[in-house]
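Every number in this text was worked out from the coordinates using simple rules, so none of it is lab data. Just so you know, these numbers come straight off a predicted model, no measurement behind them. Cβ atoms come from the backbone with ideal geometry, glycine included; neighbour counts cover every protein chain shown.
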Number of protein chains: 2
Amino acid sequence: MESLRITLEQSEIPTHWYNVVADMPNPPLPPLGPDHQPVSPEQMGMIFPPAILAQEMSAERWIPIPDPVREIYRLWRPSPLIRARRLEEVLGTPARIYYKYEGVSPAGSHKPNTAVPQAYYNQQAGIKRITTETGAGQWGCSMAFAGQMFGLEVRVYMVKISYQQKPFRRSMMQTWGAEVFASPSKMTQSGRDLLARDPENQGSLGIAISEAVEEAASRADTSYALGSVLNHVALHQTIIGQEARKQFEKVGDWPDVIFAPCGGGSSFAGVAFPFVADNAAGGRNGRPTRLVAVEPSSCPTLTKGTYAYDFGDASGFTPLMKMYTLGHDFMPPGIHAGGLRYHGDSPLVSQLYHEGLIEAVAVAQLATFEAGVMFARAEGVIPAPESNHAIRAAIDEAVLCRQNGEARTIFFNLTGHGHFDMAAYDRYFAGDLEDFEYPAEAIRASLEHLPKIR
Amino acid sequence: MESLRITLEQSEIPTHWYNVVADMPNPPLPPLGPDHQPVSPEQMGMIFPPAILAQEMSAERWIPIPDPVREIYRLWRPSPLIRARRLEEVLGTPARIYYKYEGVSPAGSHKPNTAVPQAYYNQQAGIKRITTETGAGQWGCSMAFAGQMFGLEVRVYMVKISYQQKPFRRSMMQTWGAEVFASPSKMTQSGRDLLARDPENQGSLGIAISEAVEEAASRADTSYALGSVLNHVALHQTIIGQEARKQFEKVGDWPDVIFAPCGGGSSFAGVAFPFVADNAAGGRNGRPTRLVAVEPSSCPTLTKGTYAYDFGDASGFTPLMKMYTLGHDFMPPGIHAGGLRYHGDSPLVSQLYHEGLIEAVAVAQLATFEAGVMFARAEGVIPAPESNHAIRAAIDEAVLCRQNGEARTIFFNLTGHGHFDMAAYDRYFAGDLEDFEYPAEAIRASLEHLPKIR
């Protein structure tokens, strides 16, 4: 019986993360402070411990994974690489389709890959508490789990509307011992100010970030943790692509094209960056592996945005980062793939895209759910709405292979399961989901507010 | 780095199910019809296909698993055997604790192990549609998934109060293409009769069974499927224990004691029955492995029930089965481990218990949630409330080992994840969960209604 599941031994968990900066044609551009000068390590040190700061700035190709981190990773890693045989049959394609399944983590997504080392480095630095923000709760759950593993208190500021409407990820965080506050809260000055102006404020990710950062900056024993966008987050996620490389070598296959959902960029970076090194060496199949970031057509950062310095948050609180952006006050439509509703993108992903080393494609919401349901019925796994973006692109590619009679190897990152997203599937089946018009006017307006850098 | 996850290759998926009947000291007692005579195969054939009937009656030790079933199993099997190292450390016990994690299946529990072969045998018999019932939805999801794998229509009668209060498992069933009706429904005579008497009827598992059986019995192209209790269901689940035996052999360890939650008995049977054969041969450690069924103290079928012929359902619709029972009209308190709220038990489990080959213990609700949270914080996995019963017993045993300085090997069946049960954890954290008084009076009253067999 052919094995559909390509596994690795726990001893094969990678010993190093891969830093794509070492293989980029040009060095990354630094984040800028309010004075438009590069942010100093001292400023960043207010909210991040030294080891994480060092990784954020590093140009070393290989960065060792500490043993205590690998010991937690082995609770679920290596994650399986799975051949989607039944999906291939349904599509009648000569293509071979594989997916890396990150839904096997305790929190059900790829996010613990970075939450765990972030918790570890903070604990090593003597930090007692971590603050972070969460929207629907995937990142908050991952940080709650990781904090529990290293005995850290975790405080999560959860966007109030999600806190009220999505109680189950909140319960999950509490099961792992985290404190969860509806944001805006009375715990911080920024929360109190907002509530004084509007007691009914339903919150936003930007507000929750402000609260979490304010608390971390005000207490010496407390750090802040972020689940995407930054270089060290992308670094930690490269464990996905590195395992996949070993798994493809094990079965003697190699991807011609890789798809991953792309919001802040960490899941795309995680699976794709390790292949950038192979591509730099000319590729394995006599040609490079195509690396394709898949974003929602309602929030088309790479495909319709501008490459410019912009704030990471809506309120202009963070340093300026050089990235593809739709403008920091662009408010994406309320699609169900909440993890992809971000106006900007990882500076590393952005630069690679700008320099032509990776590709991007945008897909519409209804088409992603159609793909997710087709996948669930063929393969059993019900994917998260974010993952459905990669699945849509992979299916389209497999259909193209059928039309052209090409037996290409297609690989995508199935970033998480959809167990906490069934209400979105419900709305899809009820015909209540919609595609959004390409928000050209809103993007144009928002891009006018980009900060002017000298 | 020591491997915590003991895996098998997909080629090692067992080729046969193990039938414990072959190793029982006495043959099982037959089910009886309304005339108190053994039910004929023709009567059973109204709702089950021939291959399933043959398995239900078989005394053969090994029953081959068809290749198409093994091909679906490999979407998630072999499931991992995991060493709970961090839990051992938290408990400070010299015991070695292992668990078999069945939450990796698409439906998130052990139930697809039997849903898949049931769907296959029905498809082979030319059946087009399967009807079944579900309470909170675990079994309905498993049958929906399995039906989709073999192109069968699946109709699920879901207890109305769950249909309304627990929409997410319903969405999951629909994602796998099943039709789901709130029961009582207008689809069947029994449903219509009940609604005529009481339009507000909230439904019960007994009513849903009646509806599913009525529809299956009235249509030649339709079969009924049951997720626990019956012999063929226990048979299919033995894939769990058989894989575990191979996994223990691989690491050179062997369980001294096995715990599994026990409601209808299929998860206990699945993990424990294959060890009955080892015990019959004297055991591996020079003594038999203790096999312990763990039930809720609010529904203590084995520990407080009577061994007698009784109906399988509340309304007296099914054949009579010789089993431990609290009386078919005993209504268990509303604990959150819905899968364990059953007045009876598998006749095979019951007979093994009656003959002293297995043990049973009852645990209280609050203690099971306490154990589940402790487990989640140590190991990451958030267990289903049913699984928390086995975890409670395993932790108690590990503490005993600490007190006695004994390095025993403890093994339990972690039957499913708790992603759809977070509301129960919520209530636990809020202090709203309670333990129920041992319902002695209700059990006494219900046992008076046992059918009188000549």
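A few points about this structure:
- Charged neighbours of B:Val180, selected by a Cβ distance under 10 Å, balance to +2 (K, R count +1; D, E count -1).
- Here the translational diffusion coefficient of the stretch A:112-226 follows from Stokes-Einstein with Rh set to the Kirkwood radius across Cα pairs; for 25 °C and 0.890 mPa s it amounts to 180 µm²/s.
- Computed over Cα pairs, the Kirkwood radius of the stretch A:276-366 leads via Stokes-Einstein (1.002 mPa s, 20 °C) to a diffusion coefficient of 153 µm² per second.
- Positive-pole candidate from A:Ala119, A:Ile207, A:Gly151, dipole of the stretch A:112-226, charges at beta carbon: A:Gly151
- Of A:Thr7, A:Thr134, the sequence from fewest to most neighbouring Cβ atoms within 10 angstrom is A:Thr7, A:Thr134.
- Net charge of the neighbourhood of A:Ala234, taken over other residues with C-beta under 12 Å away and scored Lys/Arg +1, Asp/Glu -1, is -2.
- Measuring nothing but how far apart in sequence close Cα pairs (under 8 Å, 6+ apart) lie, relative to its length, chain B scores a relative contact order of 18 percent.
- Axis of helix B:112-124 versus longest Cα principal axis of chain B: the two differ by about 40°, to the nearest ten degrees.
- Karplus 3J(HN,Hα) series, Hz, for the stretch A:143-158 with 6.51 cos²θ - 1.76 cosθ + 1.60 (x for Gly, Pro): 5, 4, 4, 5, x, 4, 5, 10, x, 9, 6, 10, 10, 10, 8, 10
- Simple label model, 7 Å out from Cα along Cβ direction - A:Lys128 to B:His36, nm: 7.3
- Shape parameters for the stretch A:66-153, alpha-carbon atoms, Rg then Dmax in Å: 16.7, 56
- When each of A:Glu386, B:Glu359 is scored by the number of other beta-carbon atoms lying within 10 Å, the sequence from fewest to most is B:Glu359, A:Glu386.
- For the peptide B:418-429, the mean number of other protein chain Cβ atoms found within 10 angstrom of a residue's Cβ is 4.
- The stretch A:63-135 and the stretch B:35-84 have Cα centres lying 36 Å from one another.
- Environment charge at B:Pro64 (Cβ cut-off 15 Å; Lys +1, Arg +1, Asp -1, Glu -1): -1
- Of all lysines in the structure, the ones whose alpha carbon falls short of 19 Å from that of B:Lys166, not counting any fewer than 8 places away in one chain, are A:Lys166, B:Lys111.
- Using distinct alpha-carbon pairs, which all enter the 1/r mean, Kirkwood radius of the stretch B:380-454 in Å: 15.9
- Coarse-grained scattering of the protein assembly as shown at q = 0.06 Å⁻¹, given as base-10 log I(q)/I(0) from a Debye sum over alpha-carbon atoms: -0.41
- Extension gain, B:Phe317 back to B:Asp435 (0.36 nm per residue minus Cα-Cα distance, nm): 39.3 nm
- Average silhouette area of the stretch A:168-267, convex hull of alpha-carbon atoms, in square nanometres: 9.6
- At 7 Å out from Cα toward Cβ: B:Ser218 inter-copy label distances (nm, ascending): 6.6
- Amide H contacts for A:Ser183 (H built 1.01 Å from N in the peptide plane; partners 5 or more residues away or on another chain; cut-off under 5 Å): A:Met158, A:Val159, A:Lys160.
- Partners of A:Lys160 within straight-line reach, counting lysines whose Cα lies under 16 Å from its Cα and excluding those fewer than 8 residues away in the same chain: A:Lys186.
- Among the residues of A:143-150, the average count of other protein chain beta-carbon atoms within 10 Å of the residue beta-carbon is 2.
- Over 24 Å [Cα-Cα, the stretch A:27-122], rounded percent: 48
- For the segment B:159-171, counting C-beta atoms of other chains within 10 Å of every residue's C-beta and taking the mean gives 2.
- Cβ crowding within 10 Å, taken as a proxy for footprinting-reagent exposure, orders A:Lys322, A:Lys246 from fewest neighbours to most as A:Lys246, A:Lys322.
- Of all chain B residues, the one whose C-beta is nearest the axis that brings B onto A, in angstrom: B:His419, 2
- Placing a label point 7 Å from the Cα of B:His449 along the Cα-to-Cβ direction, the distances to the matching points in the other copies come to 6.6 nm, shortest first.
- Per-pair calculated FRET efficiency, R0 = 51 Å: A:Ala280 and A:Arg192 via Cβ, rounded to 0.05: 0.50
- Distances, shortest first, from the label point of B:Gln164 to those at the same position in the other copies read 2.3 nm; the point lies 7 Å along Cα to C-beta.
- Under 21 Å of direct C-alpha separation, and excluding same-chain neighbours fewer than eight residues apart, B:Lys452 reaches these lysines: B:Lys304, B:Lys322.
- Overall dimensions of chain B as given by Cα atoms, namely Rg and Dmax in Å: 20.7, 65
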